[in-house]
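To keep things clear, I will list the structure first and then write my remarks on it.
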Amino acid sequence: MTRNHDRGRSQPQVDMFFDHADRRYQPHDRLAVRYEMSGLGQDEVRALEHSIVWYTEGKGEEDLGVHSFQRITDEALLPPATMVGSFGTDLPASPLSYEGVIVKIRWCVRVRIFFVGGRDFVSEHVFDVGTIPPAQRVASRAVAVAEA
Amino acid sequence: MRLPRFFEKKRGERRTGSQVWASAGEAAFYAALLVAGLVFGGLLVSGVAVPEWRLNHDFLPARGVVLAKGLQRRSVADSPGVVHTTWAPVVRLRFPVDGVTSTAWSRPSAAAVTPDRETALARLGGLPEVGEEIPCWYDPEAPDTVVLKRGYNWAMWLLTLLLPGALVAFGGSGLLRSVRAWGKSEERRAAAVGLPEKLAPLGQTPAETPGFPGVPACDDLVNSPGTILSYRLPIESPESWALLGFGLFALAWNAVLVVLAVGAGLDLMGGRIDWLLFGLLVPFAVVGIGGVVVFIRGLILATSVGPTQVEVSNHPLRPGRSYEVLVAQGGSGMLRSLELFLELEEQATFRQGTDTRTERAVVWSQLIKQWREVELSPAARFEAEATVRLPERAMHSFHSEHNVVSWRFVVRGVPDRWPAFCRVFPVVVFPAEAAARAGRPAVEEMAG
C-alpha cells in the first residue's frame, strides 16, 4: 500500500480487509471486504464510491472493466457519521489475473472518497483471480515437441 | 482556493486532481471545434448558399437587350504590395423593371472569373452580340443586380454542408461526452456505458462471449464445418495482408507514373522536352517496376504453395483438455518440412506521439507435430491429424480495446524451391475454472 504525504491537507487512509487473507480468489468465488477510513481531518465528504474492477497494465493503453460499482451519497453512511464499510460480490468467470510480458490484467477493489471541494481520494487494493502462472517471452519458435 | 494539479500518482492510494483540468481541457477543445463549425457553416451559408438560393428563387425573369460588352476587372490586395486581379466577361443590359426601363452590367458567374485577361477576352466572344435580346434575371430588391444564368453549384453546397457538418458533429459529440463525464470517476463512467461512449470516435471494444467478460466471441470461428473434424478454422494470414499492401502500392504508384508519362509524352509530341519531368520519371519508373515485381513475386509465392486448412474437433478450447487437429495442405511439389504449432500471443496497442502502434509478443509456443519430406500432389491433398493438449493453467483468450491475448494454431512450411510460409488460424480458449466452479458447462460444447 502506498501513502501520499501531502503537506497542508488531510492524509486520508483506507485500510482494506479481504475475507481471503492471501487475496487469492477463483472465478465465481464470493469476495467480501471490509474497510476503515481514517485521516480525513476536517475535509467534508460528499460521496463515496466502491468498485471492483479489472484493468490492464503493460505496453498498451490501459483498459478498464467494472464488475461492481456502488455510489453512496447518503450522509448517514458517509464520514464522519460512518468511518467503516463493507461490500462484496460474486466474481465473474473472467478475465483472470494475468502477468504477461506486454499485457497484464489485474483485479482490484477501489474506494474513492469525494470531498466537497471537488477533489477526490482513491484507495486501490489489488487481489488475484485464478492461478495463471506468469508468462515469458518465447525466444525461439519451437519450444517442445508435444508428441513423441 | 486550491488549484487542481496536473500530475498525480497512477496506482495505490492517491489524491486525484488533474481530472478537473483534463475534463475542462477536453470540453474546451470540443467546444472550440463546435463553435468553429457553427461559425464556418454560418459564414458559408450566409455568404455563399443564401445568395445562390435567392438567385434561383427570388430573382425575377426579364428580357434584356445587350447594350455593350466588356471585361470586369476586380483587384484585391492580398497582402501589402501584392494585388490579386481577376477578369470576367460581362454585358450591359437594358431590361424592364415594373414598367420602367433599367440598365445594368451583368454579374458574372463564379465559373466565368479568371486571373488571365487573355482567357477572359476569349470568353467575351462567347457572349451575345450587341443589340441581341436575351433572357436575364434581376434582383427585385436591387434591380442593378442582373444575371444571365441561374443554377446551383453542387460542389459548393457539398463543401458548405460537409466541412462545417463534420466539425459540428465531431465537436458536438465530443462536448456531449465531456459534459456527461464531468466530475465522474473512471469507474462510474465505465459502469454506465451510454450514448456518449457509443459516440466515442475510437471506441472499438470487441464483441465478447456472454457471461465471460473480456473473452472474445467465437461465433465467426464455429460457422464453418470441417471435412473430417467438427470445425474448419478461418485463416488469418499476415502474408495475404502484406501482398494486398504491395498490390495497392504498385497500383497507386504506377497510376501516378502513367499520368506523368502521358504528360511527358504530350510535351515530346509538341516538340518540347521538360528535362526535370524526364529526370523525375526515371526513378519513378524504377520504383514502379520494382513494386510490380515484388507484388507478382508475392502472388506467385502465395499461390504456388497451395491452400492450407486446419480443422479442430471442438471449439472453444479449454485448458487441460485434449483436441484433435487436422492439417491439410494442397498444391504440388515437395515440402522439406511442415510444422504445426499452438501459440499464445500478446498484443498491445499504444500511442506514441500522434502515432498508434501495436506491439506483439509470443509468450508460449508448442510444436505439436512436424512432418518431413512431404510430397504434395494436385490429385490429393496432404492430410494428417495430431492431438494437442492445452496446459492445465493456460491463460484464456482476452480482448479489450487496446490489449489482446490470443491463441492460434500456426502452420509453417518450408517448400523445396520456394521461401518458407507461415499461416495462422486463430482459436478461442475459455477459462478452465469457470465451468468447474459454476458446476455447469459455462458454454455448451458446440460439437462432440
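The values are calculated or read from the model by the stated rules, or taken from the named source; none is laboratory data. All values reported here derive from a predicted model rather than from experimental measurement. Cβ coordinates were reconstructed from backbone atoms using ideal geometry, including for glycine residues, and neighbour counts include every protein chain displayed.
Applying the selection to region A:135-145, what residues are modelled with pLDDT under 90 and facing chain B (nearest Cβ under 7 Å)?
First, the residues of region A:135-145 that are modelled with pLDDT under 90: A:136-145.
Scanning region A:135-145 gives A:GLN136, A:ARG137, A:VAL138, A:ARG141, A:ALA142, A:VAL143, A:ALA144, A:VAL145.
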Kindly provide the set of residues from region B:227-257 that are surrounded by 18 or more Cβ atoms within 10 Å (Cβ to Cβ) and of a type in the set (Gly, Ala, Ser), ordered by number. B:SER230, B:ALA250
Taking strands (runs of 3 or more DSSP E) that do not extend beyond region B:50-142, which have at least 1 residues that are closer than 30 Å to B:TRP157 by Cβ and in contact (Cβ under 8 Å) with a residue 60 or more places away in the chain? B:60-79, B:133-139
If you go through region A:30-48 one residue at a time, do you hit one that is touching a His at 6+ places or on another chain (Cβ under 8 Å) and among the small types (Gly, Ala, Ser)? no
For B:ILE300, only one of the following conditions fails: (1) away from chain A (no Cβ under 13 Å); (2) in contact (Cβ under 8 Å) with a residue 24 or more places away in the chain. What is its number? (2)
Within the set of pairs 6 or more residues apart or between chains, which connect a residue that is more than 21 Å from B:ALA32 (Cβ to Cβ) inside region B:152-178 to a residue that is of a type in the set (Phe, Trp, Tyr) with Cβ atoms less than 9 Å apart? B:TYR152/B:TRP53
Of all residues in region B:106-123, which are among the aliphatic types (A, V, I, L, M) and at pLDDT 85 or above? B:VAL113, B:ALA120, B:LEU121, B:ALA122
Would region B:389-399 turn up any residue that is free of Cβ contacts under 8 Å to residues at least 40 places away in the same chain, assigned to a strand (DSSP E or B) and surrounded by fewer than 18 Cβ atoms within 10 Å (Cβ to Cβ)? no
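Which residue out of B:ASN223, B:ASN254 is of a type in the set (S, T, N, Q), at pLDDT 85 or above and within 30 Å of the chain's Cα centre (by Cα)?
Only one candidate passes the filter, namely B:ASN254.
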Quick count over region B:204-220, residues being modelled with pLDDT of 90 or more and within 24 Å of B:THR356 (Cα to Cα), is 3
What strands (runs of 3 or more DSSP E) lie completely within region A:9-94 and have 1 or more residues being touching a helix residue (DSSP H, G or I) at 6+ places or on another chain (Cβ under 7 Å) and aromatic (Phe, Trp, Tyr)? A:64-72
Residues being under 19 Å from B:CYS218 (Cα atoms) and among the hydroxyl-bearing types (Ser, Thr, Tyr): count how many of those fall in region B:323-342. 1
Just one listed residue, out of B:ARG351, B:ARG336, B:ARG321, B:ARG381, is within 15 Å of B:PHE430 (Cα to Cα) and surrounded by fewer than 20 Cβ atoms within 10 Å (Cβ to Cβ), and it is B:ARG321
For B:PRO213, work out the one condition from (1) in contact (Cβ under 8 Å) with a residue 40 or more places away in the chain; (2) under 30 Å from A:HIS28 (Cβ atoms); (3) not β-branched (Val, Ile, Thr) it doesn't fulfil. (1)
Select from region A:120-134 the residues that are farther than 18 Å from A:ASP29 by Cα, facing chain B (nearest Cβ under 7 Å) and either modelled with pLDDT of 95 or more or touching a strand residue (DSSP E or B) at 6+ places or on another chain (Cβ under 6 Å) (or both) and list them in ascending order. A:ASP120, A:PHE121, A:VAL122, A:SER123, A:GLU124
Does B:LEU390 meet the test of being in contact with a Gly (Cβ under 7 Å, 6 or more places away or on another chain) and away from chain A (no Cβ under 12 Å)? no
